[in-house]
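Peer 1: Take a look at this one; I'll ask things after.
The values are calculated or read from the model by the stated rules, or taken from the named source; none is laboratory data. Bear in mind the structure is a predicted one, so any value in this text is a computation, not a measurement. Please note: Cβ atoms are built from the backbone with ideal geometry, for glycine as well, and neighbour counts cover all protein chains shown.
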Amino acid sequence: MATIGTTPPNPTPATANPADPADPAKAPEATGGTRRTRRTAPAGRRKRRRAPRSTAAQVALWTLLIVISAAFLYPLVWLISASLKPRAEVFDNSLIPRNLVPGNYVEVWNQLPLLQWVGNSFVIALLAAFLVTVSSSMVAFGFAYFRFPGRSILFGLVLATMMLPGAVTMVPQYLIWKNLGVLGTWIPMFGMNLFGSAFYIFLQRQFFLGLPRELFEAARIDGASYFGLFRRIALPLSIPSLVVIFIFEFQASWNNLQSALIYLNAGSVEGFTAPLGIAYAMTKFSPTNGGQGDYQYVMVATLLITLPMLVLFAFGQRHFIEGVATEGRKG
């Protein structure tokens, strides 16, 4: 008679032993180790390594950058060289002067009222840049925040004014300032900026549209006025774009020769702006106008009135680049 009993369990294979150190995948679990297994990243997440550029490509790139930089720097280097030359060697096109005349930088102040020209240009450019920055920002905030019928049509009309050439509006603007009796003063040089600029309105509106609307709604709930929204929220958050507008307009006003010829040419020489003063100096020293051809003083004056723009860009470079990059990302 067969004896009925329990069947002994099958022995566990050696490969299934969780404590078997021979199994590298399960040995850490049994021993309490902290060994980590390597995971292969999915194909979509693998970073594609950029192929290194060849030496010839790098040399060609650097050569191209050096050539372009030299093309932009050559006029400035030539101007510096010409400002240190005597009268007979100003236009010899040599970048290294044969005879250095540092006294040109001292004599120019006796030959031309350069300090007054620079002061006039600085005041006019500062007023023009400040007024157009504030006025354009206020109009842009109205287009960005408020919802009203015909907003898109009205904004399109503002942008349409950019299509008008300056020659079309030149005569009407002159007649307006003439009837107001302000010809020969600085008012026409910055007065039109009180009404904003279509380009700056578009630029600032795009920036305002990127601000969270919830901030303005929360401020309205707290009792802030519309002007308070503009002054306390919109302006502090849009400093980079404001710096871009200010620098653009300051430079445009600083180099504005056409308006100075129209509105200031009939006034005294001391009331000229820097660009108009340079044009006056070219006529004064011209041999065809009774001058001696002392163009070295014109070169010195031109170099000196260029320095403020370099200083302005150096101080506003961080905000300027940030503002341009931000506007570019917003499309």
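Peer 1: Looking at the structure I just gave you, is R220 of a type in the set (K, R), farther than 30 Å from G271 by Cβ and at pLDDT 90 or above?
Peer 2: yes
Peer 1: Test A56 against the criterion of being at pLDDT below 90, of a type in the set (A, V, I, L, M, F, W, C) and more than 30 Å from I305 (Cα to Cα), and give yes or no.
Peer 2: For A56, the condition - at pLDDT below 90, of a type in the set (A, V, I, L, M, F, W, C) and more than 30 Å from I305 (Cα to Cα) - is met.
Peer 1: Right, another one. Just the residues that are surrounded by 12 or more Cβ atoms within 10 Å (Cβ to Cβ), within 35 Å of the chain's Cα centre (by Cα) and outside any helix (DSSP H, G or I), please, taken from the stretch 98-126.
Peer 2: Selection gives L112, P113.
Peer 1: Out of all the residues in the stretch 137-174, which are surrounded by 10 or more Cβ atoms within 10 Å (Cβ to Cβ) and closer than 13 Å to S197 by Cα?
Peer 2: Scanning the stretch 137-174 gives S137, M138, V139, A140, F155, L157, V158, L159, A160, T161, M162, L164.
Peer 1: Given the options G267, G223, name the one that is touching a residue at least 60 places away in the same chain (Cβ under 8 Å) and not in a helix (DSSP H, G or I).
Peer 2: Within the list G267, G223, the selection yields G267.
Peer 1: Then there's this: Would you tally the residues in the stretch 60-80 being more than 25 Å from M299 (Cβ to Cβ) and polar (S, T, N, Q)? Walk me through how you get there before you give the answer.
Peer 2: At the first step, the residues of the stretch 60-80 found to be more than 25 Å from M299 (Cβ to Cβ) are 60-67.
Retained after the next criterion (residues that are polar (S, T, N, Q)): 63.
Residues that pass the stated criteria total 1.
Peer 1: Looking at the stretch 299-312, can you tell me whether even one residue there is crowded, with 18+ Cβ neighbours inside 10 Å and in contact with a Gly (Cβ under 6 Å, 6 or more places away or on another chain)?
Peer 2: The answer is no; no qualifying residue exists.
Peer 1: Being out of contact with any helix residue (DSSP H, G or I) (no Cβ under 6 Å at 6 or more places or on another chain) and under 14 Å from S137 (Cα atoms) narrows it down to one residue among F207, F227; which is it?
Peer 2: Of F207, F227, the one residue that is out of contact with any helix residue (DSSP H, G or I) (no Cβ under 6 Å at 6 or more places or on another chain) and under 14 Å from S137 (Cα atoms) is F227.
Peer 1: Just for the stretch 226-261: of the residues that are outside any helix (DSSP H, G or I) and either in contact with an Asp or Glu (Cβ under 7 Å, 6 or more places away or on another chain) or in contact (Cβ under 8 Å) with a residue 40 or more places away in the chain (or both), which one is nearest to L276 (Cα to Cα)? Write out each step before concluding.
Peer 2: Let us first name the residues in the stretch 226-261 that are outside any helix (DSSP H, G or I), namely 238, 255-257.
Filter once more, so that each one left must be either in contact with an Asp or Glu (Cβ under 7 Å, 6 or more places away or on another chain) or in contact (Cβ under 8 Å) with a residue 40 or more places away in the chain (or both): 238, 256.
Details: S238: 34, N256: 9 Å.
Only one residue tops the list, namely N256.
Peer 1: A follow-up question, please. Would you check if I262 is assigned by TED's automatic domain parsing to the domain that holds L112, among the hydrophobic types (A, V, I, L, M, F, W, C), in contact with a Gly (Cβ under 9 Å, 6 or more places away or on another chain) and within 18 Å of I124 (Cα to Cα)?
Peer 2: Considered against the rule, which asks whether it is assigned by TED's automatic domain parsing to the domain that holds L112, among the hydrophobic types (A, V, I, L, M, F, W, C), in contact with a Gly (Cβ under 9 Å, 6 or more places away or on another chain) and within 18 Å of I124 (Cα to Cα), I262 comes out as no.
Peer 1: Taking the stretch 175-201, which residues are surrounded by fewer than 18 Cβ atoms within 10 Å (Cβ to Cβ) and at negative phi?
Peer 2: Correct list: L175, I176, K178, N179, L180, V182, L183, T185, I187, L194, F195, F199.
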